[in-house]
Each structure stands twice: as structure tokens, then as C-alpha cells.
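Asks: There's a structure below that I have some questions on.
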Amino acid sequence: VGTGEGRNWAHVNSVDYDPTDDSIIISSRHQSAIIKIGRDKKIKWIFSSPEGWRDGWKEKLLTPVKDGKPIACHGSTCEGDFDYTWTQHTAFRIDEKSDKHVIYVTAFDNGDARGMDQPALAEMKYSRAVVYRIDQDKKTIEQVWEYGKERGHAWYSPVTSLTEYQPDKNSVFVYSATAGAQFNFKTGAFESAPNPYIDEFKWGEKEPAVEIQFK
């Protein structure tokens, strides 16, 4: 996404440590993939749309589920509310809610090239803050919380941004960092200033306890 051959093909924008198995979880924006890698440099799992992964990698892909049952997916689109992350930022393990078998991961799904496509109108793009539950033994992933789709393009952040759990408040902090900005992907430059949002959600709540917008 947004790169040419020989350029920045991975664009890792976060690295988080999992002490239970001495591994790291990375967010690779340009692969629209969240990946766990062990100390032995071997990939443990990949969370990404299944399209395009070759042998040796596709076997590592997590299977989307709902209530423990596999979700029907066609290419990059799955039934129900489940979605992959697209050009995402920040993939953080929620230490306080995770163990060595099941982990919770937060991410900011920027949403560019969602479904490996570009919509007819740029105004159709949207971003999400999202929380996933990953069963590392069964190699499954369940989407347990999301926010942002209902806000539409006004809340859309083409680049940067963050979603992170706050243990002191049992809340999810979200920074939609480039909302309202016009970004030229060909030049890599902003053509207008953003009006970013900060939102904080009590755990499990669908509406923010507080929202601040910078002008």
C-alpha cells in the first residue's frame, strides 16, 4: 500500500513485547498485518487478510471466529462486523487481560485500501479503533470491540494514530491523529491541517466517556 517496488515494504510502526513466550508483536502498516515473532526469529502467527500470502506464510494466518465458530470470509471481506486492519498503527498487547494462551490486542485500523481496494469516493473511507481476542493455541482471532465506522469520513485518519489500553482506568484511549486532513499519498505530504480527536472509553462501552477535538 502506498509503496513501489524496492521501497518501504513493511513500515513497522509499533513493537510490543510478550513476556509469556519472549516474543514481539509488530504492526506492519504496508502489509496491513499484525505479526508475532519469537526470539528464534520464527513467525508464530499473522493477522491479515489471507489474499496474497505464499506457502510458508499463509499457514501462520489466524482464523476469524465469532463465539468460537469460524466466520465465513470471501477474500478480504468477512460476514458480520468482523474486519481486518488496513494500513493500521499500533498493535499493543493488553497485559492485564492476557495470558500465555489468550491475548487481547488493540490497534488503530486507519482503513486506507480497506478490502484491498479504493472506494469510488475518498469520502467513503473510515477508520476504527479495535480490540481483538487471539487464542494462540487454536490460532483464532475474534473482534470484541470497535469504534469509528459509525463516525464516517469526518473521523478518518489516513496516517499515524493510536489505540491503547489504560490499566489505571480500565479504559481504551484512542487518538485519531490526522482526522480532517487532506493527505496526498503520491507526494507523502499533507495538503491541509488535521483536526485530531482524542477519545477515551470505559472498557466495553460503545460511546466515549470523553472526547476532545483539537482545531
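The values are calculated or read from the model by the stated rules, or taken from the named source; none is laboratory data. Keep in mind that what you see is a predicted model, and the values were worked out from it rather than measured. Methodologically, a virtual Cβ is constructed for each residue, glycine included, from the backbone with ideal geometry; neighbour enumeration extends over all protein chains shown. These area figures cover heavy atoms from the full protein model, side chains too; ligands, DNA and RNA do not enter into them. Shrake-Rupley method; radii C 1.70, N 1.55, O 1.52, S 1.80 Å.
Asks: Would you please name the residue that is surrounded by the most Cβ atoms within 10 Å (Cβ to Cβ), looking only at residues in the range 82-120 that are acidic (Asp, Glu) and at pLDDT 95 or above?
Replies: Looking only at the range 82-120, we keep the residues that are acidic (Asp, Glu), and these are 83, 95-96, 99, 109, 112, 117.
Narrowing the set further to residues that are at pLDDT 95 or above leaves 83, 95-96, 99, 109.
Details: Asp83: 20, Asp95: 16, Glu96: 10, Asp99: 9, Asp109: 25.
Within the range 82-120, the match that is surrounded by the most Cβ atoms within 10 Å (Cβ to Cβ) is Asp109.
Asks: Could you list, in sequence order, the residues of the range 147-156 that are over 23 Å from Ser28 (Cβ atoms) and surrounded by fewer than 20 Cβ atoms within 10 Å (Cβ to Cβ)?
Replies: Glu150, Arg151, Gly152, His153, Ala154
Asks: Applying the selection to the range 17-46, what residues are open to solvent by 20 Å² or more (accessible area, probe 1.4 Å) and not in a strand (DSSP E or B)?
Replies: Scanning the range 17-46 gives Pro19, Thr20, Asp21, Asp22, His30, Gln31, Arg39, Asp40, Lys41, Lys42.
Asks: I would also like to ask the following. Can you pull out every residue in the range 149-202 that is among the small types (Gly, Ala, Ser), touching a Ser or Thr at 6+ places or on another chain (Cβ under 9 Å), farther than 23 Å from Val12 by Cα and not in a loop (DSSP other than H, G, I, E, B)? First the steps, then the outcome.
Replies: Residues of the range 149-202 that are among the small types (Gly, Ala, Ser), as a first pass: 152, 154, 157, 161, 171, 176-177, 179-181, 188-189, 192-193.
Okay, now just the ones that are also touching a Ser or Thr at 6+ places or on another chain (Cβ under 9 Å), so 157, 161, 176-177, 179-181.
In the following step, the residues that additionally are farther than 23 Å from Val12 by Cα were identified as 180.
Scanning the range 149-202 gives no hits.
Asks: Cβ contacts < 6 Å: first residue touching a residue at least 12 places away in the same chain (Cβ under 8 Å), restricted to the range 7-28; second residue aromatic (Phe, Trp, Tyr), any location; separation 6+ or different chain. Result?
Replies: That search, which allows pairs on different chains as well, returns Asp16/Phe92; Ile24/Tyr17.
Asks: Go over the candidates Val159, Val144, Val131 one by one and state the one that is modelled with pLDDT of 95 or more, of a type in the set (A, V, I, L, M) and open to solvent by less than 40 Å² (accessible area, probe 1.4 Å).
Replies: On the way: Val159 fails: modelled with pLDDT of 95 or more; Val144 fails: open to solvent by less than 40 Å² (accessible area, probe 1.4 Å).
Of Val159, Val144, Val131, the one residue that is modelled with pLDDT of 95 or more, of a type in the set (A, V, I, L, M) and open to solvent by less than 40 Å² (accessible area, probe 1.4 Å) is Val131.
Asks: Next question. When the residues of the range 177-194 are filtered to those that are more than 16 Å from Glu123 (Cα to Cα) and surrounded by 14 or more Cβ atoms within 10 Å (Cβ to Cβ), which remaining residue is modelled with the highest pLDDT?
Replies: Only one residue fits best here, namely Ala177.
Asks: Turning to a different aspect of this structure: Kindly provide the set of residues from the range 52-80 that are farther than 19 Å from Asp109 by Cα and either open to solvent by less than 20 Å² (accessible area, probe 1.4 Å) or of a type in the set (Phe, Trp, Tyr) (or both), ordered by number. Let's see the steps before the verdict.
Replies: Looking only at the range 52-80, we keep the residues that are farther than 19 Å from Asp109 by Cα, and these are 52-60, 66-72, 74.
Result: Trp53, Trp57.
Asks: OK, next. Across the range 56-104, what is the total count of residues that are under 18 Å from Ser14 (Cβ atoms), in a loop (DSSP other than H, G, I, E, B) and not aliphatic (A, V, I, L, M)?
Replies: Here the count works out to 6.
Asks: So is Gly111 part of a loop (DSSP other than H, G, I, E, B), touching a strand residue (DSSP E or B) at 6+ places or on another chain (Cβ under 8 Å) and at positive phi or not?
Replies: Values: part of a loop (DSSP other than H, G, I, E, B): yes; touching a strand residue (DSSP E or B) at 6+ places or on another chain (Cβ under 8 Å): yes; at positive phi: yes.
Considered against the rule, which asks whether it is part of a loop (DSSP other than H, G, I, E, B), touching a strand residue (DSSP E or B) at 6+ places or on another chain (Cβ under 8 Å) and at positive phi, Gly111 comes out as yes.
Asks: Which numbered condition trips up Ser49, out of (1) out of contact with any strand residue (DSSP E or B) (no Cβ under 6 Å at 6 or more places or on another chain); (2) at negative phi; (3) touching a residue at least 60 places away in the same chain (Cβ under 8 Å); (4) open to solvent by 20 Å² or more (accessible area, probe 1.4 Å)?
Replies: Only one criterion is unmet by Ser49, namely (4).
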